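Trainee: Just dropping this structure here.
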Amino acid sequence: MGEVDSSKKVADRYLKREVLGEGTYGVVYKAIDTHTGQTVAIKKIRVGKQKEGVNVTALREIKLLKELKDPNIIELIDAFPHKGNLHLVFEFMETDLEAVIRNHNIVLSPADIKSYIQMTLKGLAFCHKKWVLHRDMKPNNLLIGPNGQLKLADFGLARVFGSPDRRFTHQVFARWYRAPELLFGTKQYGPGVDVWAAACIFAELLLRQPFLQGTSDIDQLGKIFAAFGTPTPSQWPDMVYLPDYVEYQYAPPSALRKRFAMASDDAFDLLSKMFTYDPKARISVQQALEHRYFTSAPLPTDPDKLPRPAPKKESSNSKASDFNPNEGPTVLSPPRKSRRVMPERVSFEGNAPQSDKVDDHVGDIRQAAGESTSRNEPVPMSVDFSIFGAKPPNRPTINSADRTHLKRKLELDFQQPE
Amino acid sequence: MSRSRYFTRRELERNSPSRRDGITVGKESKLRSQYCSHIQQIGQKLRLPHLTIATAIMLCHRFYARQSHAKNCWHTVASSCILLASKVQDTPRSLSDVVSVVYCREIQDRITSLMMKHKINPHDVRERDEFCEKIVKILRREKKELILAAEMIVLKTIGFDLDVELPYKALVAALKRLTTDDKITGLLTEVAWSLVEEWLKTSLCLQYKPKYIAVGSVVVAARVLNVKLPAGDKWLEELGVLPERLDEVIRWMQSKLCKVKTREVISFVSFYEITTRPLEKG
């Protein structure tokens, strides 16, 4: 990281800062927009090496993001070619939902969970309204900005839907978030696939660990059926006609309500509706947003009050704070926050106890945070980790299985550079 | 990045970049129809769907609204627009396919002339094949690089604005709003559709939103076919079209129609023996 020339300019306008992460098709680094003083994330896509010219994924992302302007969708600020590379400029996001879920020092109250899932669904509803399927919904594609706003990112797999005859590949989504119809190889699917994935994220917020962790496509279906019971033809009439349909041994539904004991009745009702087997009967995103869960108490937490991983202090070679005028809308962090680079992530130990059941005093606890405790036991409160000088966390295991499968992993996963 | 997608007629006719290089309006429209038919031809050879071809044409229009023909050879630009549109519309064609379709004649000609120059005996099969293989490789690589360079320039010029709105959806909406009689609808659809196809090759789609082109085409088609349109502006309102702007579009269309008289429209119109009907404002 020290090698990065901190005053290097990209195409006259952006001052390059440290590298934030590296994906299969380019590097993401932080930069300062000298026109606005805004902190941005720039995704550099190598074009020269690609035999087919500009990457289709990148073009798709640019095209769709230009249409999708919404508070809950990442903003593409600029795109430009420079020295044979394509640069996409995004608003800078501090962290992502995966980091929040994995960080067991963060307590998520029912109202916090409601807020996160509401923002997720709002972003998704906007996509669907514009006839766009996201197709890669997972916690680490849900980025969280300096003001706590959650935004959908990574539209490299997204597609326009609407014409009924269009056939799509079913090889989308990270496996754990794949809807059953995709696992049965359907080529004609709709917004329901995003709803299923959103349901998985909802469950993950409640459980604080991925809900259905299949090790293969077959196993994924097994896990789904073990949780909800093998679907009967009356539940899902079209199932037997799906291309890769195979009969599964009957499994009765598990005691789901018990597993989600921490969820309110409304939350559990919405979750079950989002996890409906038949995509035609599955609740739509818009209907989900109108569910009484979102209007009943406790109301969703204000985004800027949501618990987030404590960001680490920025390293010395950065002068980001010099460029911090007062303009710059939603994206600009307040000076105090702007000096922080990346949130710490706590490595996820497979069987982390589900001890963070929340109660109504969460607010008080959060205030008392930072007072103590050893790092090894999960503390039911939000602690500023930077004071412990914590090591860069391990990559969560979530993607490793899907990486080869999806052949790529889009960046912005804010990996901590060594 | 947020450059406007639409231009005024004045911008296009008087101040276009090509005009600054001394290319007249007439010459530019000629070049425009040349690249359009090139895109159509290549697109069909690549078996690209109609929407992809239309997208490529639109991208090319956008490019030449901001760049001069004098400095950018339309053949290369149009070819790279095909590649780009195929990616954007999720109907990808490989770069090699595009290159071999676009440049097959040129590469063949180059080989023939090079063979003469290097005194290759065309009857010595082995010598000839070895030579051809080598040359084809080099030529193709050259062309690929050319197209990729053009792709980047196109992207930069159009400010990465790849979202292309086409008038077909609006056309269907307008037709649905107007008629319920199947017989009339069929005829009206065909004439309006071929008109829309014609406008795609003109600068009209750089000046007005697709709905104006669609509704305008329906109105013109209805006049040609003597189909009665609803009175008043209420139906226009429902389609989200401002009457004054639409009048502008229709006037433009009719002026073009009198001059150009596109083959499709004429064949249609004459088929139904209504050629004698004056196309002036009715």
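The values are calculated or read from the model by the stated rules, or taken from the named source; none is laboratory data. What you see is a predicted model; the values in this text were computed from it and never measured. Cβ sites come from the backbone with ideal geometry, for glycine too, and all protein chains shown count toward neighbours.
Trainee: Assess whether A:ASN103 counts as being surrounded by fewer than 24 Cβ atoms within 10 Å (Cβ to Cβ) and either more than 16 Å from A:ILE32 (Cβ to Cβ) or touching a strand residue (DSSP E or B) at 6+ places or on another chain (Cβ under 6 Å) (or both).
Mentor: Criteria not met by A:ASN103.
Trainee: To continue, here is another question. With the checklist (1) of a type outside the set (A, V, I, L, M, F, W, C); (2) out of contact with any strand residue (DSSP E or B) (no Cβ under 9 Å at 6 or more places or on another chain); (3) farther than 23 Å from A:LEU306 by Cα in hand, flag the one item A:PRO210 doesn't pass.
Mentor: (3)
Trainee: Something else about it: Filter the stretch B:9-34 down to residues that are among the polar types (S, T, N, Q) and buried (at least 17 other Cβ atoms within 10 Å of the Cβ) and give me whichever is modelled with the highest pLDDT.
Mentor: Among those that are among the polar types (S, T, N, Q) and buried (at least 17 other Cβ atoms within 10 Å of the Cβ), it is B:SER18.
Trainee: Looking only at the stretch B:136-147, decide whether some residue is within 14 Å of chain A (Cβ to nearest Cβ) and in contact (Cβ under 8 Å) with a residue 60 or more places away in the chain.
Mentor: Yes: the stretch B:136-147 contains one or more residues that are within 14 Å of chain A (Cβ to nearest Cβ) and in contact (Cβ under 8 Å) with a residue 60 or more places away in the chain.
Trainee: Still on this structure, please answer the following. Under the condition of being among the hydroxyl-bearing types (Ser, Thr, Tyr) and modelled with pLDDT of 90 or more, which residue from the stretch A:251-276 is nearest to A:SER115 (Cα to Cα)?
Mentor: A:SER264
Trainee: With respect to the numbered conditions (1) closer than 24 Å to A:ALA174 by Cα; (2) within 14 Å of chain B (Cβ to nearest Cβ), which one is the sole condition not fulfilled by A:LEU142?
Mentor: With (1) closer than 24 Å to A:ALA174 by Cα; (2) within 14 Å of chain B (Cβ to nearest Cβ) applied to A:LEU142, the lone miss is (2).
Trainee: Next question, about the same structure. Given the criteria acidic (Asp, Glu) and either under 16 Å from the mean Cα position of the chain (by Cα) or crowded, with 23+ Cβ neighbours inside 10 Å (or both), does A:GLU94 qualify?
Mentor: Spelling it out, A:GLU94 is indeed acidic (Asp, Glu) and either under 16 Å from the mean Cα position of the chain (by Cα) or crowded, with 23+ Cβ neighbours inside 10 Å (or both).
Trainee: Can you tell me which of (1) buried (at least 16 other Cβ atoms within 10 Å of the Cβ); (2) touching a residue at least 60 places away in the same chain (Cβ under 8 Å) is the one B:ARG177 doesn't meet?
Mentor: (1)
Trainee: Among the candidates A:LEU88, A:LEU124, A:LEU157, single out the residue that is touching a residue at least 12 places away in the same chain (Cβ under 8 Å), assigned to a helix (DSSP H, G or I) and among the aliphatic types (A, V, I, L, M).
Mentor: A:LEU124
Trainee: With the checklist (1) surrounded by fewer than 16 Cβ atoms within 10 Å (Cβ to Cβ); (2) within 14 Å of another protein chain (Cβ to nearest Cβ); (3) at pLDDT 90 or above in hand, flag the one item B:GLU151 doesn't pass.
Mentor: Evaluating B:GLU151 over (1) surrounded by fewer than 16 Cβ atoms within 10 Å (Cβ to Cβ); (2) within 14 Å of another protein chain (Cβ to nearest Cβ); (3) at pLDDT 90 or above leaves (1) as the failure.
Trainee: Separate question: Out of B:LYS169, B:LYS156, B:LYS134, I need the residue that is assigned to a helix (DSSP H, G or I), under 18 Å from A:GLY53 (Cα atoms) and either within 26 Å of the chain's Cα centre (by Cα) or not β-branched (Val, Ile, Thr) (or both). Which one?
Mentor: Of the residues listed, the single one that is assigned to a helix (DSSP H, G or I), under 18 Å from A:GLY53 (Cα atoms) and either within 26 Å of the chain's Cα centre (by Cα) or not β-branched (Val, Ile, Thr) (or both) is B:LYS156.
Trainee: I'd like to know if the stretch A:250-258 contains one or more residues that are part of a helix (DSSP H, G or I), under 23 Å from A:ALA174 (Cβ atoms) and among the basic types (Lys, Arg).
Mentor: Taking every residue of the stretch A:250-258 in turn, none turns out to be part of a helix (DSSP H, G or I), under 23 Å from A:ALA174 (Cβ atoms) and among the basic types (Lys, Arg).
Trainee: Scan the stretch A:223-245 for residues that are without any contact (Cβ under 8 Å) to a residue 40 or more places away in the chain and over 30 Å from A:VAL107 (Cβ atoms) and report the count.
Mentor: Result for the stretch A:223-245: 8.
Trainee: Could you please give the count of residues in the stretch A:219-230 that are surrounded by fewer than 18 Cβ atoms within 10 Å (Cβ to Cβ) and either over 20 Å from A:LYS138 (Cβ atoms) or hydroxyl-bearing (Ser, Thr, Tyr) (or both)?
Mentor: Going through the stretch A:219-230 one residue at a time, the tally reaches 2.
Trainee: Here is a further query. Mind checking whether some residue in the stretch A:76-87 is over 22 Å from B:ILE147 (Cβ atoms), more than 9 Å from chain B (Cβ to nearest Cβ) and surrounded by fewer than 24 Cβ atoms within 10 Å (Cβ to Cβ)?
Mentor: No, the stretch A:76-87 has no match at all.
Trainee: Of (1) within 14 Å of chain B (Cβ to nearest Cβ); (2) surrounded by fewer than 21 Cβ atoms within 10 Å (Cβ to Cβ), A:GLU22 satisfies all except one. Which?
Mentor: That leaves (1) as the condition not met.
Trainee: Follow-up. Is it true that B:ILE42 is in the same structural domain as B:ARG140 (by TED's automatic domain parsing), among the hydrophobic types (A, V, I, L, M, F, W, C) and either assigned to a helix (DSSP H, G or I) or exposed (fewer than 15 other Cβ atoms within 10 Å of the Cβ) (or both)?
Mentor: Yes.
Trainee: Still on this structure, I have one more. Hey, any hits in the stretch B:11-19 for a residue that's within 21 Å of B:PRO167 (Cβ to Cβ) and within 14 Å of chain A (Cβ to nearest Cβ)?
Mentor: no
Trainee: Suppose we filter B:LEU206, B:LEU229 for residues that are surrounded by fewer than 22 Cβ atoms within 10 Å (Cβ to Cβ) and in contact with a His (Cβ under 7 Å, 6 or more places away or on another chain); which single one remains?
Mentor: Checking each option against the conditions leaves just B:LEU206.
Trainee: Let me ask something else about it. Take A:ASP70 and decide whether it is more than 14 Å from chain B (Cβ to nearest Cβ), surrounded by fewer than 23 Cβ atoms within 10 Å (Cβ to Cβ) and acidic (Asp, Glu).
Mentor: In short, yes.
Trainee: Separate question: When you go through B:GLY240, B:GLY282 one by one, which is the residue that is over 26 Å from B:CYS60 (Cβ atoms), part of a loop (DSSP other than H, G, I, E, B) and modelled with pLDDT under 80?
Mentor: B:GLY282
Trainee: Here's a follow-up. For the subset of the stretch B:59-103 comprising residues that are surrounded by fewer than 17 Cβ atoms within 10 Å (Cβ to Cβ) and of a type in the set (A, V, I, L, M, F, W, C), which member is nearest to the other protein chains (Cβ to nearest Cβ)?
Mentor: B:CYS73
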